[in-house]
Amino acid sequence: MAQSPRLRVGVLFGGESAEHEVSVVSAQGVLQAIDRDRFDPVPFGVTKEGTWLTAEESAAALAGIPAGAYRPLPTPAGREPKIRAEVSNALNELDVAFPLIHGTRGEDGTLQGFLELLGLPYTGAGVAASALGMDKALMKAVFRQAALPTADFLVVPAHEWRADATGVIDRIEAAIGYPNFAKPANMGSSLGVSKVSSRQELGAAIEEALRYDRKALVEAAISGREIEVAVLGNDEPRASPPGEIIPRGEFYDYAAKYLDPDGADLVAPVRLEPGVEKRLQELAIAAFKAIDCAGMARVDFFLVGDDPIVNEINTIPGFTPISMYPKLWEAAGIPYRELISELIDLGLARHASKRGHRGCARA
Ligand SMILES: Nc1ncnc2c1ncn2[C@@H]1O[C@H](COP(=O)(O)OP(=O)(O)O)[C@@H](O)[C@H]1O
Ligand SMILES: [Mg+2]
């Protein structure tokens, strides 16, 4: 019997966010583990400046970064257009794309929109779910609508803050109080996130959040454990056992995530009461469905006593072999290699199913 041709899988990594280096390590993991009997992976690195590297440049850049070392991709010399003809030609020859780029222009729907324009199937969330997952103000509005438990919050648009800071602070004090957390609506990796204990600190914390985005969020501080659940699937997604993040400092800040190897412990899976575990899994699936997600997501919770509160959903969670998302599936009996294959199959299935609906994008 003739062997079916291997699918050309574009592995998209790097990107402009602070999680660039994590994404590079995720790509190294995927390229190493992917099932080469079924797939022919083609790497496409995106530099911190947003320039797409060719497959050859990407492979050379990866070869220069020791496995598991957190290093950025080198920037090509000279002023290049972001996407050169060689890159777009190679993208057009792919069968499917595997986006692993976190944050801005990777996880926020823009990259997904670009892949839609190319008519290319891709793994993970579509345009709308990606955009909702990235914007905490919109995400929380949708979670509220779906009756998911979330911390009380207020959105502070930059223009309102500039027009009447005192009025905004008064409203926050009346609705949220202290302690609270101020954060940018669109960011990730804890950048611009501060814990606020008093009126004196609030102004600077909002200013800091607004350095990153035109909207800040101020949320009631929740005192609880940080629990994460992995979700996998399209229309009928399933949820993994929960894992726990135990930050050493006051909260899971940027340093704990990326600078200090001892900044946080990651326990995957974590043993919880069966009833609590089941409730977390139901809520994780409900959060996934609320934003119309697809493929994968990691849903992050605070657990207060036995009561889960949904913090956020991440549509492109860290995907290194030792990241929470793959580790949770590994604990559930799905090894990294199979997880990669399943995500690609889910991306292809979602693309194929859209063809059956006249209003959806066709290849
Ligand atoms: N309302 C809150 N109560 C308690 N801790 C919080 C709250 N919001 C954020 N944090 C802490 O800050 C970290 C980062 O905030 P998060 O909203 O998850 O943003 P990011 O998208 O940057 O991960 C969380 O993991 C948690 O440690
Ligand atoms: Mg988070």
Checklist outcome for this item: dims of the chain, Cα set, principal axes, largest to smallest, nearest Å -> 69, 53, 48
Item to check | For LYS257, LYS289, order by how many other beta-carbon atoms lie within 10 Å, fewest first | outcome: LYS289, LYS257
Checklist outcome for this item: Sorted on mean Cβ neighbours within 10 Å (highest first), peptides 112-123, 180-191 come out as 180-191, 112-123
Checklist outcome for this item: For region 159-168, in residue order, the Karplus 3J(HN,Hα) values (coefficients 6.51, -1.76, 1.60; θ = phi - 60°; whole Hz; Gly and Pro = x) are 5, 5, 4, 5, 6, 7, 4, 5, x, 5
Next on the checklist: Considering the Cα positions of region 153-220, please state its Rg to one decimal place and its Dmax as a whole number of Å.
Outcome noted: 10.4, 30
Checklist entry - What distance in nm separates the simple spin-label points at PHE251 and ASP265, each placed 7 Å from Cα in the Cβ direction? => result 2.2
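Could you work out the helix-only [θ] at 222 nm for the chain, with each DSSP H run of four or more residues adding -39,500 (n - 2.57) and the total divided by the number of residues, to the nearest 500 deg cm²/dmol?
-11000 deg cm²/dmol
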Checklist entry - To the nearest 0.05, how large is the calculated FRET efficiency for SER353 and GLN32 if R₀ is 30 Å and r is the Cβ-Cβ distance? => result 0.50
Item to check | Distant-in-sequence amide H partners of ILE34 (H built 1.01 Å from N, under 5 Å) | outcome: none
Item to check | Reach of LYS278 by Cα under 20 Å, taken over aspartates and glutamates that are not fewer than 8 positions away in the same chain | outcome: GLU226, GLU228, ASP235, GLU236, GLU244, ASP300, ASP306, ASP307, GLU312, GLU330
Item to check | Kirkwood-Stokes translational diffusion coefficient of region 7-106, alpha-carbon pairs, 20 °C, 1.002 mPa s, µm²/s | outcome: 161
Checklist entry - Quick one: which of LYS183/LYS327; LYS140/LYS354; LYS136/LYS215; LYS48/LYS82; LYS82/LYS183 span more than 21 angstrom between C-alpha atoms? => result LYS183/LYS327; LYS140/LYS354; LYS82/LYS183
Checklist entry - What list of ³J(HN,Hα) values in whole Hz, one per residue of region 224-240 in order, does the Karplus curve 6.51 cos²θ - 1.76 cosθ + 1.60 (θ = phi - 60°) give from phi, with Gly and Pro shown as x? => result x, 7, 9, 10, 10, 10, 8, 10, 9, x, 10, 6, 10, x, 10, 10, 7
Next on the checklist: Using each residue's phi in region 183-197, evaluate 6.51 cos²θ - 1.76 cosθ + 1.60 at θ = phi - 60° and report the 3J(HN,Hα) Karplus result to the nearest Hz, with x for Gly and Pro.
Outcome noted: 8, x, 5, 10, 7, x, 6, 6, 5, x, 8, 9, 8, 10, 10
Next on the checklist: Among GLU57, GLU201, GLU226, which one shows the highest mean-square fluctuation when the chain is modelled as a Gaussian network with alpha-carbon springs under 10 Å?
Outcome noted: GLU201
Checklist entry - What residues have an amide H closer than 5 Å to that of ASN311, excluding those fewer than 5 places away on the same chain, when H is modeled at 1.01 Å from N in the peptide plane? => result ASP300, PHE301, PHE302
Item to check | Amide proton proximity set for VAL11, modelled H, under 5 Å, gap of 5+ | outcome: VAL42, PHE44, PHE98
Item to check | Kirkwood Rh and Cα Rg combined as Rg over Rh, evaluated for region 168-256 | outcome: 1.06
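Go ahead and run the numbers for FRET between ASP345 and ALA141, Cβ-Cβ distance against an R0 of 25 Å, rounding to 0.05.
0.20
Readers should treat all values here as calculations from the given coordinates under stated rules, not as data from a laboratory. For clarity, every value in this text was computed on a predicted model and none was experimentally measured. Cβ coordinates were reconstructed from backbone atoms using ideal geometry, including for glycine residues, and neighbour counts include every protein chain displayed.
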